[in-house]
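Structure first, commentary second.
The values are calculated or read from the model by the stated rules, or taken from the named source; none is laboratory data. Note that the coordinates shown come from a computational prediction; the quantities given were computed from them, not determined experimentally. Please note: Cβ atoms are built from the backbone with ideal geometry, for glycine as well, and neighbour counts cover all protein chains shown. Remember, those area values only see protein heavy atoms, side chains included, never the ligands or the DNA or RNA. Shrake-Rupley method; radii C 1.70, N 1.55, O 1.52, S 1.80 Å.
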Amino acid sequence: MTDVPDARLLEQFARNGSEEAFAALVQRHIALVHSVALRHTANAQHAQDITQAVFVILARKAGSLGRRTVLPGWLYHTARLTAANLQRAETSRVRREQEAFMQSQLEESVNDALWRELSPQLDEAMPVWARANADALGVAVFSEPEHGEVGKFLGLAKNTAQKRVSRPWKNYGHFLQNAA
């Protein structure tokens, strides 16, 4: 098949699904596509991915390419465009990852700072409150269960636990609201 023109091989593949014709086209032009991809990305793995993608595109569009299509030129432009698309996608991915990392760092540091500011105030306020209220609040703040769970833990009804947790917040809840 080395002496069969590209247009004929492409036609055989498009019309009959000839794997042999397509394999001959790939063998003939893989070096061209890979070198274009490698020059545009300077990354061997990306160049391999682009090369594979270009031949997948060729397989999909084989029937729509005209007889006058100069296949090496078409493959060159498709490889160049595919490389540019990959680079844009890669740049966007890296930017999104960096933004997500920075956001997580910001949230972490805000939460750490909030806790450092709030915990001494809670430690100061706990002895002031009635023992029952302090127990309810301590369980609610430090383990974050529902009021029903606080009640079960302290042997109280859900409503009673809810009142004991909310009473201290009336006087000291502003610490949390102001810190946030």
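Net charge in the neighbourhood of L9 (other residues with Cβ under 10 Å of its Cβ; Lys, Arg +1, Asp, Glu -1) is -1. A straight chain from N85 to R60 at 0.36 nm per residue would run longer than the Cα-Cα distance by 7.2 nm.
Ranking I50, I57 from most to least accessible surface, computed with a 1.4 Å probe over the protein chains only, gives I57, I50.
Sorting R8, R68, R39 by accessible area puts them as R68, R39, R8; the probe is 1.4 Å, largest comes first, and only protein heavy atoms count. Taking all protein chains together and rolling a 1.4 Å probe, F22 ends up with roughly 40 Å² accessible. With a cut-off of 15 Å between beta carbons, the residues surrounding I57 carry a summed charge of +2, where Lys and Arg count +1 and Asp and Glu -1.
Each Cα pair under 8 Å and six or more residues apart adds its sequence gap; the mean of these over the residue count of the stretch 1-105 is a relative contact order of 29 percent. Only protein heavy atoms count here; on that basis, with a 1.4 Å probe, W74 has an accessible area of about 50 Å².
Tell me the carbon and sulfur percent of the accessible area for the stretch 1-89, rounded to whole percent, probe radius 1.4 Å.
Details: 2860 of 5340 Å².
Using a 1.4 Å probe with all protein chains present, the stretch 1-89 comes out at 53 percent carbon and sulfur.
Amide H contacts under 5 Å for S18: F13, restricted to partners 5 or more places along the chain or on a different chain, H placed in the peptide plane at 1.01 Å from N.
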